[in-house]
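In what follows, a single structure is set out as structure tokens and then discussed.
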Amino acid sequence: MPIADTPPFDYEAALLACARGERFAMRALYEREARWLLGVALRIVRDRELAEDVLHDAFLQVWQDASTYRPELGSARGWLYTVVRHRALKEVRHPGRMQALDPVDLAELSDQQQAVQDTASERGLDSDSLERCLQRLDEARRACVVHAFVDGYTHEQIAERLQTPLGTVKSWIRRSLNSLKECMA
């Protein structure tokens, strides 16, 4: 059969099959997406061995949580990428993770951090100001901003988590960012 006649891969059907415990579906997902998903993890964690661990853990999570996928919230392929992205972000943010730096890299990083802090001070930006401005936001809007920019959730995930329409979540985030910008100016 020529490649042009090959039917498109049905990610949703594969996830549903995973939810039923059908291993061939997991294998098909892995064979189809692993190299791309490894690239996503690698861009975030910046270490090949760690990225491979992230990918492994993410596929275990996909296998265990496939039944939680909801087609009305987004594509099945997008769901896979979200699982890998969140696993990688969780790994990067893990407080016990330490990465050894050679002294030259450490000095350069320190200089960069100091330059950012100096620029922020010159502009009157600091964590206290940000916290004060965040506290001015309505609780639901503040939660949207924190979920989006701290937790790394998509708009769809925030809408589901807060049980709020997607359009409302997008508006809240946009308006909240404008309010924060004004407050911090």
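Cα centroids of segment 46-84 and segment 124-185: how far apart, whole angstrom?
Using only Cα atoms to place each centre, the spacing works out to 25 Å.
Taking the simple approach of a point 7 Å from Cα along Cα-to-Cβ for both SER67 and ALA140, what is their distance in nm?
Going from the SER67 label point to the ALA140 one covers 3.1 nm.
Once you order the gyration tensor axes a ≥ b ≥ c over the Cα atoms, which shape class does segment 15-76 get: rounded for a/c under 1.5, otherwise prolate or oblate by comparing a/b with b/c? Mind dumping the intermediate values first?
On the way: a/c = 2.21, a/b = 1.74, b/c = 1.27.
It is prolate, given that a/c is not under 1.5 and a/b is the larger ratio.
Suppose R0 equals 41 Å. What FRET efficiency, 1/(1 + (r/R0)^6) with r the Cβ-Cβ distance, do ALA185 and SER75 give to the nearest 0.05?
Rounded to the nearest 0.05, the efficiency is 0.60.
Read the figures in this text as sums done on the coordinates, not as results from a lab. Quick caveat, the model's predicted, so the values are computed rather than measured. Note that we place each Cβ from the backbone using ideal geometry, even for glycine, and neighbour counts take in every protein chain shown.
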